[in-house]
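Notes follow the structure.
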Amino acid sequence: MSMRLLSAVLLLLLFSCHQPSPGGPDVQSYFDYGDSGVQSAGIRMIPITTPVGSFKVWTKRIGNNPTIKVLLLHGGPASGHEYMECFESFFPKQGFEFYEYDQLGASYSDQPEDSSLWTIDHYVDEVEQVRTALHLDKDNFYLLGHSWGGILAIEYALKHQDHLKGLIISNMMASCPDYGKYSEVLAKGIDPAALDSIRTIERNHDYSNPAYMRLLLPNFYQQHFCRLSVWPDPVLRSNKHVNGTIYTMMQGPSELGISGRLEKWDRKADLPRITVPTLTIGGRYDTMDPEHMKWMSTQVKQGSYLYCPNGSHLSMWDDQQTYMNGVIDWIKKVSAAKN
C-alpha cells in the first residue's frame with residue numbers, strides 16, 4: 001500500500017470515528033460522562049430512602065445523549081440486570097444513553113431483609129428516586145420494563161408519567177389474574193405425567209425439591225421462557241443471582257402461574273390513563289398472552305405493539321433482531337415526533 005493511500009485510509013478512519021451515529025452524538029461525546037476523578041465505568045450506587053432506613057442501589061450508565069435516555073427495569077422480582085446486558089450490543093450503535101439498574105434486593109444492590117419493603121409502592125418510589133438522581137426528565141426519559149419490570153413501569157407511569165418521554169412494557173400483561181389463567185392454557189401443553197408431578201410438588205410446597213426445576217426446565221422454561229438451545233451467559237448469571245426470598249414472596253415459586261403478593265394485581269381499567277407514547281411487546285411463545293399485550297396497546301392513548309413471532313418471555317434473546325429493531329425504531333420515532 002502506498003504512503004499516500006495509507007494516509008488517506010487513516011484520515012478516513014479518524015474522521016469516521018468522530019461522526020455521529022444515527023440519532024446520537026459522535027463517539028467521543030457519547031462516552032464523555034463529565035466525570036472527574038477516578039472513572040468507574042459508569043457505575044454509580046444511588047442512595048435510596050425508605051421508611052425502614054437508607055440503602056443503595058446499583059446503576060450503570062452507558063453513553064451520553066441528552067435527548068434519549070433509557071432506564072431498564074428488570075424482571076423477577078429481584079432477578080437483577082444481567083439478562084438485560086444484551087441491550088449493550090444494540091443501543092450504543094444508535095447513540096442511545098441507557099442505564100442498567102438492580103432494584104433494591106437484587107444482585108449488586110443492597111439486600112435488606114425487612115419484608116415490608118417488597119411492595120409495588122416501594123418500588124415505584126425507588127424508581128422515582130433513581131430518576132431524580134440520574135437527572136432524567138420528560139424531554140428524554142424512556143422507561144423500559146420487562147416482565148415484573150413491566151408491572152413496575154405501568155405503575156410508575158400511572159403515578160409519574162409527567163416525567164416520561166416514552167414507556168415500553170415488555171412481555172407483561174396488565175393483569176396478574178389474567179396471567180394466571182393464561183398459564184393454565186400453557187400448562188395444557190405440558191406432558192401430563194410431568195405436569196402431575198409439578199402440581200404435586202406445588203401442593204406440598206416442596207419447592208426446594210430438585211425435581212421441581214428439573215421438570216419445569218424442559219417442559220416449561222425452555223418452551224416459554226427462553227427458547228435458545230443454549231442459554232446465554234447473562235441469562236444464566238441473572239438466574240443464578242435471583243433473590244429467591246423476594247421472588248417467591250411477590251411472584252410465587254415459578255413462572256408457571258402466580259401466587260405471591262402480585263397475585264391480584266390488575267390495571268386493565270387504568271390503561272387509558274396512560275397518555276405518553278407507549279410500546280407493548282409480546283412473543284408468540286411467551287409466558288404472557290401476546291393477544292392481551294396487543295390489546296393493551298389499544299387501551300393506552302398513544303399505543304403501539306411489537307410482536308415477536310419467534311420470541312418467548314425473553315424475546316430480547318430468542319427473537320433478538322425483531323425485538324431490538326422494533327424497540328430502536330419506536331424510540332427513534334417518538335424522539336423525532338414534535339410535541
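The values are calculated or read from the model by the stated rules, or taken from the named source; none is laboratory data. Nothing here was measured: the structure is a model prediction, and the numbers come from that model. Note that we place each Cβ from the backbone using ideal geometry, even for glycine, and neighbour counts take in every protein chain shown.
Per-residue answers, yes or no, for (1) assigned to a loop (DSSP other than H, G, I, E, B); (2) crowded, with 22+ Cβ neighbours inside 10 Å; (3) touching a helix residue (DSSP H, G or I) at 6+ places or on another chain (Cβ under 8 Å):
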| position | (1), (2), (3) |
| --- | --- |
| 248 | no, no, no |
| 255 | yes, no, yes |
| 264 | yes, no, yes |
| 280 | no, yes, yes |
| 286 | yes, yes, yes |
| 292 | no, no, yes |
| 298 | no, no, no |
| 307 | no, no, yes |
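Might you let me know whether segment 16-27 holds any residue that is outside any loop (DSSP other than H, G, I, E, B) and modelled with pLDDT under 85? Break it down into steps so the answer makes sense when it comes.
At the first step, the residues of segment 16-27 found to be outside any loop (DSSP other than H, G, I, E, B) are 16-17, 27.
Pick out the ones that are also modelled with pLDDT under 85 and you get 16-17.
Scanning segment 16-27 turns up at least one residue that is outside any loop (DSSP other than H, G, I, E, B) and modelled with pLDDT under 85.
Only one of the listed residues (214, 227, 199, 203) is crowded, with 19+ Cβ neighbours inside 10 Å, more than 22 Å from residue 77 (Cβ to Cβ) and of a type outside the set (Val, Ile, Thr). That residue is 227. Could you please find all residues in segment 266-278 being crowded, with 19+ Cβ neighbours inside 10 Å and of a type in the set (S, T, N, Q)? Within segment 266-278, just 278 meets the criteria. Would you be able to say whether some residue in segment 193-210 is aliphatic (A, V, I, L, M), under 24 Å from the mean Cα position of the chain (by Cα) and in a helix (DSSP H, G or I)? No: segment 193-210 contains no residue that is aliphatic (A, V, I, L, M), under 24 Å from the mean Cα position of the chain (by Cα) and in a helix (DSSP H, G or I). One residue alone among 91, 55, 31 is modelled with pLDDT of 95 or more and over 30 Å from residue 114 (Cα atoms), and that residue is 91.
Just to be sure, is residue 124 closer than 28 Å to residue 277 by Cα, in contact with an Asp or Glu (Cβ under 8 Å, 6 or more places away or on another chain), among the β-branched types (Val, Ile, Thr) and assigned to a helix (DSSP H, G or I)? Give the steps one after another, and end with the answer.
On the way: closer than 28 Å to residue 277 by Cα: yes; in contact with an Asp or Glu (Cβ under 8 Å, 6 or more places away or on another chain): yes; among the β-branched types (Val, Ile, Thr): yes; assigned to a helix (DSSP H, G or I): yes.
Criteria met by residue 124.
Mind checking whether some residue in segment 108-117 is surrounded by fewer than 23 Cβ atoms within 10 Å (Cβ to Cβ), among the polar types (S, T, N, Q) and in contact with a Gly (Cβ under 8 Å, 6 or more places away or on another chain)?
Taking segment 108-117 and keeping what is surrounded by fewer than 23 Cβ atoms within 10 Å (Cβ to Cβ), we get 108, 110-117.
Those left that are additionally among the polar types (S, T, N, Q): 111, 115-116.
Narrowing further to those that are in contact with a Gly (Cβ under 8 Å, 6 or more places away or on another chain): 111.
Yes, segment 108-117 contains at least one residue that is surrounded by fewer than 23 Cβ atoms within 10 Å (Cβ to Cβ), among the polar types (S, T, N, Q) and in contact with a Gly (Cβ under 8 Å, 6 or more places away or on another chain).
Identify all residues within segment 130-151 that are surrounded by 17 or more Cβ atoms within 10 Å (Cβ to Cβ), out of contact with any Gly (no Cβ under 6 Å at 6 or more places or on another chain) and not in a loop (DSSP other than H, G, I, E, B); write none if there are none. Spell out how you get there, then give the answer.
Of segment 130-151, the ones surrounded by 17 or more Cβ atoms within 10 Å (Cβ to Cβ) are 130-131, 134, 136, 140-151.
Imposing the further condition that a residue be out of contact with any Gly (no Cβ under 6 Å at 6 or more places or on another chain) reduces the set to 130-131, 134, 136, 140-141, 143-145, 150-151.
Scanning segment 130-151 gives 130, 131, 134, 141, 143, 144, 145, 150, 151.
The number of residues in segment 93-107 being under 16 Å from the mean Cα position of the chain (by Cα) and surrounded by fewer than 20 Cβ atoms within 10 Å (Cβ to Cβ) comes to 0. Of the residues that make up segment 161-176, is at least one without any contact (Cβ under 8 Å) to a residue 60 or more places away in the chain and over 26 Å from residue 289 (Cα atoms)? Yes, because at least one residue in segment 161-176 is without any contact (Cβ under 8 Å) to a residue 60 or more places away in the chain and over 26 Å from residue 289 (Cα atoms).
Tell me, which residue of segment 152-185 that is in a helix (DSSP H, G or I) and touching a strand residue (DSSP E or B) at 6+ places or on another chain (Cβ under 7 Å) is surrounded by the fewest Cβ atoms within 10 Å (Cβ to Cβ)?
In the first step, residues of segment 152-185 are kept if they are in a helix (DSSP H, G or I); the result is 152-163, 176-185.
This time we only want the ones that are touching a strand residue (DSSP E or B) at 6+ places or on another chain (Cβ under 7 Å), so: 152-154, 156-157, 163, 176-177.
Values: 152: 25, 153: 26, 154: 28, 156: 26, 157: 27, 163: 19, 176: 23, 177: 14.
If we take residues in segment 152-185 being in a helix (DSSP H, G or I) and touching a strand residue (DSSP E or B) at 6+ places or on another chain (Cβ under 7 Å), then 177 is surrounded by the fewest Cβ atoms within 10 Å (Cβ to Cβ).
Screening 230, 242 for residues that are in a loop (DSSP other than H, G, I, E, B) and more than 19 Å from the chain's Cα centre (by Cα) leaves exactly one candidate, 230.
Here the condition is being in contact with a helix residue (DSSP H, G or I) (Cβ under 6 Å, 6 or more places away or on another chain) and of a type in the set (Lys, Arg); of 181, 138, it holds for 138 alone.
When 296, 316 are checked against the criterion of being within 26 Å of residue 182 (Cβ to Cβ) and within 17 Å of the chain's Cα centre (by Cα), 316 stands alone in meeting it.
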